[in-house]
Amino acid sequence: MTVDEQVAIPAPISAKRAPWPKPPLGWVALSTDGSFVKETGLAGSGMVLRDSEGEVIFSAYRYLFNCKDALEAEISAILEGLSMSIQRSELPIVIQSDNATVVAALTDDSLDRSAYGHLMLEIKKTLDSRGFILLKIEHHQNRVAHSLASIGRSGGSTACWLRRVPDIVTHDVLADCNSVSEE
């Protein structure tokens, strides 16, 4: 069989994937995501804070005005989510993002001279006040924050819910904690 004749075999649809990673007992998990459409410049951020049992402490989305790119949307989501988390819980925070670039930048101790270095520094200074862990998660483990960011971007508004999520993402909360993919 030549290379041209080889056929890729797709993974089984019911393949198990890791569920949303709950934080350790006595910690909270802040899942964040940014949404940006290059063609229109529309952007939004989404965030959800959950306890070690997966119970929602708050969920929110935000329309981002004058966002330059997807990286700025991701950073804005963490910054906004962190500010809200500090107001809603005194526990140490596991910050969960599916953006490897942001997680790497926030774990690097060197001076960030990029266009977003000042935002990264603000996040790091905020985190100095309490215990935290930065965790890179997979996209399928971040459904709630992703959906919220998309709503913020497309709806042109900002909203926050305490102890719940908007009805439109209730299914995503359940899917985040389920180890079986629904795709």
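Derivation of every value follows stated rules applied to the coordinates shown; laboratory data play no part. Just so we're clear, the structure is a prediction, and the values are computed from it rather than from any experiment. Counting neighbours? That spans all protein chains shown, and the Cβs are built from the backbone with ideal geometry, glycine included.
Dipole magnitude for the chain: about 500 debye, using +1 per Lys or Arg Cβ and -1 per Asp or Glu Cβ, origin at the Cα centre.
The P(r) of segment 71-139 has a tail past 18 Å containing 31 percent of all C-alpha pairs. According to the calculation over all Cα-Cα pairs in segment 20-176, the P(r) per 10 Å bin from zero is 12, 45, 35, 7, 0 %.
Bridges between two residues of the chain, per DSSP, are antiparallel at a rate of about 70%.
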